[in-house]
1. Looking at the stretch A:151-160, is at least one residue touching a residue at least 24 places away in the same chain (Cβ under 8 Å) and of a type in the set (Gly, Ala, Ser)?
2. For residues that are more than 15 Å from A:Arg703 (Cα to Cα) and among the acidic types (Asp, Glu), scanning just the stretch A:643-690, find the one that is farthest from the chain's Cα centre (by Cα).
3. Run down A:Lys68, A:Lys40 and say which single residue is assigned to a loop (DSSP other than H, G, I, E, B) and exposed (fewer than 13 other Cβ atoms within 10 Å of the Cβ).
4. Name the residue, out of A:Asp134, A:Asp143, that is at pLDDT 95 or above, within 8 Å of DNA strand B (Cβ to nearest atom) and more than 15 Å from A:Val527 (Cα to Cα).
5. Considering only residues that are assigned to a helix (DSSP H, G or I) and under 30 Å from A:Gly22 (Cβ atoms), which ones fall in the stretch A:114-131?
6. Which of the residues belonging to the stretch A:328-351 are in a helix (DSSP H, G or I) and in contact with a helix residue (DSSP H, G or I) (Cβ under 6 Å, 6 or more places away or on another chain)?
7. List every residue pair whose Cβ atoms lie under 6 Å apart, where the two residues are 6 or more positions apart in sequence or sit on different chains, the first residue falls within the stretch A:271-290 and is of a type in the set (Ser, Thr, Tyr), and the second residue, located anywhere, is in a loop (DSSP other than H, G, I, E, B) and modelled with pLDDT under 95.
8. Looking at (1) touching a helix residue (DSSP H, G or I) at 6+ places or on another chain (Cβ under 8 Å); (2) surrounded by 17 or more Cβ atoms within 10 Å (Cβ to Cβ); (3) at pLDDT 95 or above, which one does A:Leu21 not meet, given that it meets all the others?
Amino acid sequence: MSKNLVIVESPAKAKTIEKFLGKEYEVMSSMGHIRDLSDKGLGIDFDNNYAPQYEVSPDKKKVVSELKKAVKSAETVWLASDEDREGEAIAWHLAEELKLKKENTKRIVFHEITKDAILRAIENPREIDKNLVDAQQARRVLDRIVGFEISPILWRKVRPSLSAGRVQSVAVRLIVEREREINNFVAESSYKVSAVFTSKDANGTQVVLPAELSKRFKTKEEAYAFLELCKNAQFLVDSIEKKPAKKSPAPPFTTSTLQQEASRKLGFSVSQTMRVAQQLYESGKITYMRTDSVNLSGLAINTAKNEIISMAGEEYVKIRKFTTRSKGAQEAHEAIRPTYMNAHSVSGTAWEKRLYELIWKRTIASQMADAKLEKTNIYINVSGSKYQFVASGEVIVFDGFLKVYLESTDDENTEKSGILPTMKKGESLAPKEILAQERFTQRPPRYTEASLVRKLEELGIGRPSTYAPTISTIQNRKYVEKGNRPALKRNFNELKLKSGKITDSKKSENYGAEKGKLFPEDIGLVVNDFLIEYFPNIMDYNFTANVEVEFDQIAEGKVKWTQSIDSFYKRFHPVVEETLKNSERHVGERILGVDPKSGRQLSVKIGRYGPIAQIGTSDEEEKPLFASLRKTQSIENITQEEALELFKLPREIGDFEGKGMTVAIGRFGPYVRHDGKFYSIPKSDDPLDITAERAIEIIEAKREADKNKIINTFGENEEIQVLNGRYGPYISFEKNNYKIPKKMDAKALTEEQCREIIASQADKVKKKKSYKRRKKA
DNA sequence: CAGTGAGCGAGCTTCCGCTTGACTT
């Protein structure tokens, strides 16, 4: 047995470090936190000065017992968890739970996993910093109090199983407020004037120069008047301005910037990025992926430098030290970078390859020279007008870091400009055509998963390890939904001056298409409004930043953590009591008016199964009528007309084979119901005016498809069926589906072969089911 | 796998931050 036991947080890290330290050291991992507050009740003893009630987490029991065993045979235990608040607490929990003795326990820290850094750490051990631990306890207890006291209020006042928390509730607030900004947005239009000029260059060949007028006109009349003036105007080059410019590379990746770029460049979701990064980390290809640091180790910088020199040359190197700007960063790790800078690519899945390449490029580029540009503006006078046309171009003089990488932006309509033809001052230009187009101001963009993460980070809310889970939580709770919206059409005016004639035409354009954006759902709106009404303090965008200041004071030993929690709780808890007692149930009810047919009240609200419209009230003698809202509708802005439409379904549309057909909209969209069976109505048909003939067509088409569905059955009871599915043939048995191996011919399978396949996949199917259950829960 | 929209109510839900595994594709 080794004389020394080193405990780190992650097994991959343990493996690497073990190599550096040699036989005298055994390195084990704690897998993060090993204990947490009990979740029977609040896990806090309020009668005993907020004493936390810690329990070893169920999934860490095994780890803890293994660590206990290892401790027994070790002379010295080295606690090497991360150097931040959480890491310090992990070290302390380990010391407590493993009953480590002060004299043979040492606390060490390192920020990069290199042999030098680790040996240096071993030479400079310290004791556990109890103040830092207390700051973590305050953080933990605060989050528990907020989460576990507010959530139950939601269960009673809104709907069971809902949740609230310091981080997730603010994340939802951001999305809700953005949606409302968008709803209230009124586009303004103006006229943008652009021209294409022609001229002859030195060789006499014709060159083209696109330019834009420096002024946008408010009205069509003004634009028209300007084009009128252009008919007989002279266009002379007034001046040519050339100025150098430079672009600098972005810093190496942190968790949040990696999530943003993987989203923009690769279309990855936030959780997908983390999954793939985890794989790269575990196979030793990149450094740790949950970090807020942009720092690179000296070793990494050196190897990057060599790589750049051999790839592009000395002049492409520029060593840079980046500093973190984000609030609350704790910098326990390096930035995310390739472990070996000379590996330009890696083996693995397609996703791993693409993400790795992105990380490699970003890291290398961060140590490369600025790109040098030359920007050119050509100003063109219009005789008789005070406005000028401007043609702008940009030429790369030296590519620098652009040789490998350029960061993307969220802005979808950046215009690119290229090389301009050579012009002389005073040169006369001929307009080939001048366009005045009506353009509209743009509403603010909806958040993507990644841009929401960026906003949270900016506000100092959440940590690298929680960005992805938070995004998942608010979707699982159905507060927000990731979705698409089709483009809308709008008309715009276009005036065109060509060959001395102005034409005036109406054109149409698509705008506002959304893909993979976060939309609030009605339950999210209601919960958000409820929380803002009763807990404005918790919902404040600065709440986290404010408590962080307090935590810092605890960490510095200036404030006792229990005092800090006490002063919070004394203000917070009465509000909880008050809200439970005095607030009404919140279902987001909105009265839209009356139903013209019956004269009864028409309203919308959140029902047990989601948003509904309602005709009548429950205190009337006649029972109210209900209809579910469509997926894209919201109780917040549905109109009376739209709500009344909903009551046109379900519709009886006639008989077929002696049985009635009903049209309605269900969870999976519009359907026809006939004889107890459901038939989906394709998007091309409108359920509101579908005819009986068409419905029969749909039913018969489905029957035909079902007939082809069965490939083979055995015997009379048909418990095993070979079926044709969306993804090819499969076996169905006792409500489970089984994959048929590619090599086998589905048509020729015997019953015995089927049973073998079923038996061989029984395990997998069981696991899948339990996974599905877990996911539901 | 598609109906429902109520309350004799059991017993449950929930936070944030550390980690990975087991699950998809």
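1. no
2. Only one residue tops the list, namely A:Asp655.
3. None of the others qualify; the one that does is A:Lys40.
4. Matching residue, one of A:Asp134, A:Asp143: A:Asp143.
5. Of everything in the stretch A:114-131, those that are assigned to a helix (DSSP H, G or I) and under 30 Å from A:Gly22 (Cβ atoms) turn out to be A:Lys115, A:Asp116, A:Ala117, A:Ile118, A:Leu119, A:Arg120, A:Ala121, A:Ile122, A:Glu123.
6. Across the stretch A:328-351, the qualifying residue is only A:Trp351.
7. Listed pairs, sorted by first residue: A:Thr287/A:Glu334; A:Tyr288/A:His333.
8. (3)
The values are calculated or read from the model by the stated rules, or taken from the named source; none is laboratory data. Every value quoted in this text rests on a predicted model; they were computed, and no experiment measured them. A quick note on method: Cβ atoms are made from the backbone with ideal geometry, for glycine too, and the neighbour counts reach across all protein chains shown.
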